[in-house]
1. Just need a number here: residues in segment 290-304 that are touching a Gly at 6+ places or on another chain (Cβ under 8 Å) and either assigned to a strand (DSSP E or B) or open to solvent by less than 60 Å² (accessible area, probe 1.4 Å) (or both).
2. Consider residue 276 against the criteria (1) in a loop (DSSP other than H, G, I, E, B); (2) β-branched (Val, Ile, Thr); (3) open to solvent by 20 Å² or more (accessible area, probe 1.4 Å); (4) more than 30 Å from residue 345 (Cα to Cα): it satisfies all of them except one. Which criterion is unmet?
3. Can you name every one of the helices (runs of 4 or more DSSP H) wholly within segment 61-112 that holds 1 or more residues which are farther than 21 Å from residue 138 by Cβ?
4. Which residue pairs have Cβ atoms closer than 9 Å, lie 6 or more positions apart in sequence or on different chains, and pair a first residue in segment 214-232 that is in contact (Cβ under 8 Å) with a residue 60 or more places away in the chain with a second residue that is open to solvent by 60 Å² or more (accessible area, probe 1.4 Å) and in a loop (DSSP other than H, G, I, E, B)?
5. List the strands (runs of 3 or more DSSP E) that sit entirely inside segment 148-222 and contain at least 1 residues that are closer than 30 Å to residue 267 by Cα and touching a Leu at 6+ places or on another chain (Cβ under 8 Å).
6. I'm checking my understanding of the structure. Among residues of segment 245-260 that are open to solvent by less than 60 Å² (accessible area, probe 1.4 Å) and more than 19 Å from residue 196 (Cβ to Cβ), which one is nearest to the chain's Cα centre (by Cα)?
7. Need pairs with beta-carbon distance below 7 Å; first residue free of Cβ contacts under 8 Å to residues at least 24 places away in the same chain and within segment 85-110, second open to solvent by less than 30 Å² (accessible area, probe 1.4 Å); sequence gap 6+ or separate chains.
8. Would you say residue 183 is surrounded by fewer than 11 Cβ atoms within 10 Å (Cβ to Cβ) and without any contact (Cβ under 8 Å) to a residue 40 or more places away in the chain?
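The values are calculated or read from the model by the stated rules, or taken from the named source; none is laboratory data. None of the values given here were measured: they were computed from a predicted structure. Don't worry about glycine lacking a Cβ; one is built from the backbone with ideal geometry, like all the others, and counts go over all protein chains shown. Side chains are part of the model used for accessible areas, which takes the heavy atoms of the whole protein and leaves out ligands, DNA and RNA. Shrake-Rupley method; radii C 1.70, N 1.55, O 1.52, S 1.80 Å.
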Amino acid sequence: MIFFFIPVIHTLGHIWNLESFVAAFNPYEKIKPSNGSTNESDLLFGLISTLSLLPSPTQPNGTYLNPVRSANANSIWETIKMLPGITGIIMCIALSVIASTSSEHIRRSFYNLFWFTHQLFAFLFMVTFIAHGFQGVVRGQTNLERNDPQKCYLKYTDWSPKNPECDIPQFAGSMATTWIWLLAPLVIYFLERLTRFARGLVTHKIAEYRLHPSNVLELRIDNRDKNSIEYSPGQYVYLNVKKLAYFEWHPFTITSAPNDPHLTVHIRSAGDWTSTLIGLIESGNEKEPNIRHIHIDGAYGTCADNIFKYETVVLVGAGIGVTPYASILKHLLNNLDSKYQLALKKVHFIWICPSIDTFEWFGQLLQELEADLRLKGKSHLLDAKIYITKGWTLR
């Protein structure tokens, strides 16, 4: 909200400023204090008029201060004529669209509208933001040695090239500097987007899929070729299925361990894309699957990079939020005898789920882990507690 509120204040200030420029320009009458008046308000009013009427030479950075160069000008037309004006209008429109499509209702019910408007209008905003100051409407005095504002600002009737102390003030537009501050971040951003685009072009083979209760789809993706994805426990990837939507990428937590031959994700039916994906999988068969390949971008982000460096850890998951811990516990299971695990002496795992049949695949993993721990005499390592919030589910 602040991001939208501050530009509104900025815009209102420029509207007021432009109206003042339009009112100050009067080529037919150079206002001077009448009858030798020394009233400061009259003198200042005359100063404003004199500065606005400075002649505009042919070169781009001339002596003029007021960007409005015509009498009885229309402020709206003057805004459109100036680069800061037209880019400012575009930026206000872009921010309005971004703000209006950022509500929770839009994000949940019309996610594509939210995503595409942000991608398009954020790019439009950045381009116009960089170009906003290139015209140099904000102008500064360049001949301070021949016209000291502290001494000459009330002697504007005596301004003259022949007066070495109070020459006619010269003004020039300031250089645009926005691009300097944005250049490095934008270069890094576009390089990152280019890398993600190139990585997303690679196709990965779906080795196996399984349908679990509670509308959960398990996808096992071959991760043993030259395009294998390196990841850590708890990380997530973006998946894209061209057959469903060419430009849609959806994030899913990796539920396999880093040294598994397959990269595994568990997908719950929770929207149009996931429902359609599961429907396509169900309508196929082992010999003729409807989806054979998938595109992957990642892996990204995890809070569990250093989890095995601590003696005691607490893992709390609720509903589908338990998926990051599947990868962590599988990694623990695969490395029980590794020196890397010596620091870890106790894992407290707490899982809150709505019903007993929710994510049954995860219950199988816990059983396997507890059985292996008992065989290796390390049953004390894991303390698992499962809380059911809605009671037993009738089938």
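1. Pass one, segment 290-304, residues touching a Gly at 6+ places or on another chain (Cβ under 8 Å): 290-291, 295-297, 302-304.
If we keep only those that are either assigned to a strand (DSSP E or B) or open to solvent by less than 60 Å² (accessible area, probe 1.4 Å) (or both) too, we end up with 290-291, 295-297, 302, 304.
Counting residues in segment 290-304 that are touching a Gly at 6+ places or on another chain (Cβ under 8 Å) and either assigned to a strand (DSSP E or B) or open to solvent by less than 60 Å² (accessible area, probe 1.4 Å) (or both) gives 7.
2. Unmet for residue 276, out of (1) in a loop (DSSP other than H, G, I, E, B); (2) β-branched (Val, Ile, Thr); (3) open to solvent by 20 Å² or more (accessible area, probe 1.4 Å); (4) more than 30 Å from residue 345 (Cα to Cα): (1).
3. Values: elements: 75-81, 83-100, 104-109.
Counting at least 1 such residues, we get 83-100, 104-109.
4. Going by the 9 Å Cβ cut-off, the qualifying pairs are 215/270; 232/305.
5. Numbers: elements: 171-173, 203-212, 216-222.
Filter on segment 148-222 gives 203-212, 216-222.
6. So in segment 245-260, the residues open to solvent by less than 60 Å² (accessible area, probe 1.4 Å) come out as 245, 248, 250, 252-258, 260.
Within this subset, residues satisfying the condition of being more than 19 Å from residue 196 (Cβ to Cβ) are 255-258, 260.
Values: 255: 27, 256: 29, 257: 30, 258: 29, 260: 33 Å.
Ranking the qualifying residues of segment 245-260, first place goes to 255.
7. Cβ pairs passing all conditions: 101/117.
8. Details: surrounded by fewer than 11 Cβ atoms within 10 Å (Cβ to Cβ): no; without any contact (Cβ under 8 Å) to a residue 40 or more places away in the chain: yes.
Criteria not met by residue 183.
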